[in-house]
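Taking it in order: structure first as structure tokens, then the write-up.
The values are calculated or read from the model by the stated rules, or taken from the named source; none is laboratory data. If you're wondering where the values come from, they're calculated on a predicted model, not measured in any experiment. Note: ideal-geometry Cβ built from the backbone for every residue, glycine included; neighbour counts use all protein chains shown. Please note that ligands, DNA and RNA were not included when accessible areas were found on the heavy atoms of the full protein model with its side chains. Shrake-Rupley method; radii C 1.70, N 1.55, O 1.52, S 1.80 Å.
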Amino acid sequence: MSDRIVSPSIKQEELALDLSLRPKKLAEYIGQAKVKENLKILLEAAQARHEAVDHILLYGPPGLGKTTLANIIANEMNAAIKITAGPSIERPGDLAAIVTNLRAGDILFIDEVHRLNRAVEEILYPAMEDFALDLITGKGPSARSIRLKLPRFTIVGATTRFAMLSAPLRDRFGAVYRLDYYDLDAMKTIVARSAKILGAEIEPPAVTEIAQRSRGTPRVANRLLKRVRDYAQVRADGKITEAVAHQALALMEVDELGLDDIDRRVLRTIIEKFGGGPVGVGTIAAAISEEADTIMDVYEPYLIQLGFLDRTMRGRFATRRAYEHLGLEPPDRIEQNRLL
Ligand code: ADE
């Protein structure tokens, strides 16, 4: 699972290198022009007023730079950042322990913010809105509620599933930004920048080759680059030429659109086992022994973006393009499916 090029998270040992590849300032951050511009205004305005920034929600597919942006926000604001994730905050007391240790202006980054449980969410509302913590002490008739004042801090929430956020939580974020897959130009700039930081010698056509196969995702680009660099070192003279990049990527079974073995298995399952669809994601997951969440978060968004997959109320359908990409003959009735 963790050895894949496309995966939802970062391997522990890769973290140090990944951190060095991540931009620290907004000016170094490539792509996502709209988000960057809005964020710049938000941060500058707060700085000028000497206030903590409003709570920020970042959403979009994994690997596009949500954590990177949270760190940049802290950096730009000269603020400390505490990092946590929805599933790690199990009880209201866990959240209370975190927020009572924050100082004014601090950033609290909550990854997978859609996975906070209800009890925790309930105490988060007044914490976000009024910077107050409502604690219950004692039990039964002697139970009392006390209100604790908190410093003005900023929550940066991140999620891959915007729709799973409850409306009250969504409403408490003053700024909501959607990150999208990067275009080819941005991906090329990111690959070239990362190669420079890694000290890898790379020819421009090899930069393009890696950028094209990185599914618009910097995390994937950085992983591919590192594996191609390994290949160049072991099988060639260390220089990443177009031919070297091509061979390395072929060996990793990443095709020219960036699809890997799992993407192809998802599509083949829909087409070959379920007549092109409709089929539920749970069934696809079981058929290929994958987690449904991983398929929904990591694989489907890119397949949908490519126009290879349709997500409907009745289930998933493979599109004509998917058949063509896999070199399979599409059935005549496929257009009908798309209308449903
Ligand atoms: N590394 C990962 N994401 C990046 C981005 N958006 N800009 C520059 N380098 C990155």
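Numerical summary
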read-out: Among A243, A158, A48, residue whose mean-square fluctuation peaks in a GNM of the chain (springs only between Cα atoms under 10 Å); value: A48
read-out: Distance from segment 270-340 to segment 233-267 (C-alpha centre basis), Å; value: 24
read-out: Length released on extending from R321 to V176, taking residue separation times 0.36 nm less the Cα-Cα span; value: 48.9 nm
read-out: Computed FRET value (nearest 0.05) for L198 with K139, which takes r as the C-beta separation and R₀ as 51 Å; value: 0.35
read-out: Cα gyration tensor category, rounded, prolate or oblate, for segment 111-218 with a/c compared to 1.5; value: prolate
read-out: Links that overshoot a 31 Å alpha carbon limit, given the list K66/K273; K24/K226; K34/K149; K36/K239; K82/K226; value: K66/K273; K34/K149; K36/K239
read-out: C-alpha long axis of helix 33-48 to longest principal axis of the chain, angle in °; value: 20
read-out: Whole-Hz couplings from phi, Karplus 6.51/-1.76/1.60, listed for segment 229-241; x for Gly and Pro; value: 4, 4, 4, 4, 5, 8, 9, 9, 9, x, 7, 8, 8
read-out: Average accessible surface area per residue within the chain, 1.4 Å rolling probe, Å²; value: 49
read-out: Dimensionless Rg ratio for segment 163-299, taking C-alpha atoms and the 2.2 N^0.38 Å reference; value: 1.29
read-out: Rounded percent of accessible protein surface that carbon and sulfur make up, the chain, 1.4 Å probe; value: 50
read-out: Counting all C-alpha pairs of the chain, share separated by more than 25 Å (%); value: 59
read-out: Point-charge dipole on Cβ atoms (K/R +1, D/E -1) for the chain, about Cα centre, debye to 20; value: 720
read-out: Amide H contacts of G276 (H built 1.01 Å from N, under 5 Å, at least 5 apart or other chain); value: I271
read-out: Calculated on alpha-carbon atoms, Rg and Dmax of segment 243-340 in Å; value: 13.6, 45
